[in-house]
1. From A:Leu133, A:Leu150, A:Leu115, which residue is over 20 Å from B:Val128 (Cα atoms) and either free of Cβ contacts under 8 Å to residues at least 12 places away in the same chain or touching a Leu at 6+ places or on another chain (Cβ under 7 Å) (or both)?
2. Give just the number: which of (1) within 8 Å of chain A (Cβ to nearest Cβ); (2) surrounded by fewer than 21 Cβ atoms within 10 Å (Cβ to Cβ); (3) within 16 Å of DNA strand D (Cβ to nearest atom) does B:Ala50 not satisfy?
3. Can you say whether A:Leu13 is of a type in the set (A, V, I, L, M, F, W, C), more than 11 Å from chain B (Cβ to nearest Cβ) and within 16 Å of DNA strand D (Cβ to nearest atom), as far as the supplied structure shows?
4. Condition test on B:Leu32, is it assigned by TED's automatic domain parsing to the domain that holds B:Pro17 and more than 13 Å from DNA strand D (Cβ to nearest atom)?
5. From the list A:Thr3, A:Thr24, exactly one residue is of a type in the set (Val, Ile, Thr) and either outside any helix (DSSP H, G or I) or under 19 Å from A:Gly87 (Cβ atoms) (or both). Which is it?
6. Consider only pairs whose beta carbons are under 6 Å apart and that are at least six residues apart or on different chains; among these, list those whose first residue lies in the range A:178-201 and is charged (D, E, K, R) and whose second residue is open to solvent by less than 10 Å² (accessible area, probe 1.4 Å) and at pLDDT 95 or above.
7. In the range B:143-174, what residues are among the small types (Gly, Ala, Ser), open to solvent by less than 20 Å² (accessible area, probe 1.4 Å) and within 26 Å of B:Glu84 (Cα to Cα)?
8. Could you list, in sequence order, the residues of the range B:53-85 that are facing chain A (nearest Cβ under 10 Å) and in a loop (DSSP other than H, G, I, E, B)?
Protein chains: 2
Amino acid sequence: MTTPAAFASLAALMADPARAAMLTALLSGEALTAGELARVAGIGAPAASAHLARLVEGGLVAVHPQGRHRYHRLASAAVAATLEALGGLAGAVAPARRWPHGEAFRSARLCYDHLAGRLGVAVHAGLVGRGWLSPAAGGWSATPRGEAGLAALGIDLAAARQARRFACDCMDWSERRAHLAGGLGREIAACCLARHWLLRLPGEREGDPMARRRLRLTPEGARCLGEALGVGGLDLAA
Amino acid sequence: MTTPAAFASLAALMADPARAAMLTALLSGEALTAGELARVAGIGAPAASAHLARLVEGGLVAVHPQGRHRYHRLASAAVAATLEALGGLAGAVAPARRWPHGEAFRSARLCYDHLAGRLGVAVHAGLVGRGWLSPAAGGWSATPRGEAGLAALGIDLAAARQARRFACDCMDWSERRAHLAGGLGREIAACCLARHWLLRLPGEREGDPMARRRLRLTPEGARCLGEALGVGGLDLAA
DNA sequence: GCGCCGCTTCGGGGCCGGGCGAAGGACAGC
DNA sequence: GCTGTCCTTCGCCCGGCCCCGAAGCGGCGC
């Protein structure tokens, strides 16, 4: 019966308020230092260090030292997907208030390194509906038409293919539908941010660990994504 | 910062080995008594009672008394979806052995009350690909063609619509793609089981809490689902 | 109605885990 | 080199949780 034990120890890593605050802060996709995470969690440096050691040990967080700083990120998009699912259930099962982060959070946000919210679901539906992606073992693969279209959009397909998974689903808790994760999801989000089709909404850093995940679609972004993928009709204005 | 706290307390409910064993056992969709769950978890009756009280309090488990027995089930398909996601990550992050439940578990299984595994993903792809489902807020809705086709298959659409959600995605951890949950997913699974298109693979009850989730597609089931939805070419033999 | 059975509540014991302060390495800049 | 900063390790205290045995409550069958 190895599975329930592994299941429980994984859940235990998320079951501490301080670690939960760190993990939700890391869902923004940014790499944060141990000190920043300590502040987010509201604990001292020693406690934060111990927590982060456990998260790294458990495979949820990856660390890469840089000088005297140690930057921490989520270990993979699969971790982000699970955190999102848990967060959605926490919001549904304890509906204290319907997600205190407002409409902007539901309309467009980052799930670690890829798009989520109504925008993420619409991009997923556009890619599949136009026949740019086809079902494959372990997720999706790009059709010839899809390769051409994605390249025309400026997506770096070679970079996307270097990820452990090229394209796979990720549950969107606010829409109850899948959005796109994997290397392709990451490259699409990176492209949209680099071209200023999407802007990160600046949130007050301290306090709310998930403020920096919110995104706003610019007019040019709406035009380009609408032409290419039929994304539109969404109430994506902040 | 209400969210990380709710997140943590939800994870804490899953973070105990005994509770994890109970929850994974309930993923079979069966309603189990407190005594059975105590045996599954390997603890005494008093401890099990306390654990179940916490799970009910936390909204993960629903209880309906029947005589001197108290039957427990997962509270919703959303709970099942989250448990599956967590289980998949636990298998991926601690790849002690690649899921000790064999190929049958990946090919067809129950996720609480709906189909999962390669079969579940194929059914989802068939429904969407044939234009029987169309995107809708919070999930999917049935197209006119879909209503006709589903009714011809013998699916009880009226019952499906009574669920809190008609149709929505649920992450399939083994395929990294979405399968279908919600009222429609439940009715499809119920129909397949009632017509003996699918059989529950009997597992030794004690010991492995997830053995009874495995399913086997019968020849007639393969024929009917293949004709209606194009499901085929899967290695679904046990 | 009496006794069995399933489940819950109560009390006590034990363990694990989280928090801090103080001290110890590692790196950058002057 | 020295100093400041970032981070970790160590030692300690504390609270919470998990377990069991014993007792209490309620339904069911003889």
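1. Details: A:Leu133 fails: over 20 Å from B:Val128 (Cα atoms); A:Leu115 fails: either free of Cβ contacts under 8 Å to residues at least 12 places away in the same chain or touching a Leu at 6+ places or on another chain (Cβ under 7 Å) (or both).
Going through A:Leu133, A:Leu150, A:Leu115 in turn, the sole match is A:Leu150.
2. The single condition B:Ala50 does not satisfy is (1).
3. No: the conditions fail for A:Leu13.
4. Numbers: assigned by TED's automatic domain parsing to the domain that holds B:Pro17: yes; more than 13 Å from DNA strand D (Cβ to nearest atom): yes.
Yes: the conditions hold for B:Leu32.
5. On the way: A:Thr3 fails: either outside any helix (DSSP H, G or I) or under 19 Å from A:Gly87 (Cβ atoms) (or both).
So the residue among A:Thr3, A:Thr24 that is of a type in the set (Val, Ile, Thr) and either outside any helix (DSSP H, G or I) or under 19 Å from A:Gly87 (Cβ atoms) (or both) is A:Thr24.
6. Matching pairs, first to second residue: A:Arg186/A:His114; A:Glu187/A:Ala160.
7. Step one: list which residues in the range B:143-174 are among the small types (Gly, Ala, Ser), which gives B:146, B:148-149, B:151-152, B:154, B:158-160, B:163, B:167, B:174.
Now narrow it down to the ones that are open to solvent by less than 20 Å² (accessible area, probe 1.4 Å): B:146, B:149, B:160, B:167, B:174.
Of everything in the range B:143-174, those that are among the small types (Gly, Ala, Ser), open to solvent by less than 20 Å² (accessible area, probe 1.4 Å) and within 26 Å of B:Glu84 (Cα to Cα) turn out to be B:Ala160, B:Ala167, B:Ser174.
8. Within the range B:53-85, B:Gly58, B:Gly59, B:Leu60, B:Ala75, B:Ser76 qualify.
The values are calculated or read from the model by the stated rules, or taken from the named source; none is laboratory data. All of these numbers come straight from a predicted model, not from anything done at the bench. Cβ atoms come from the backbone with ideal geometry, glycine included; neighbour counts cover every protein chain shown. Areas reflect the complete protein model, heavy atoms only, side chains present, ligands, DNA and RNA absent. Shrake-Rupley method; radii C 1.70, N 1.55, O 1.52, S 1.80 Å.
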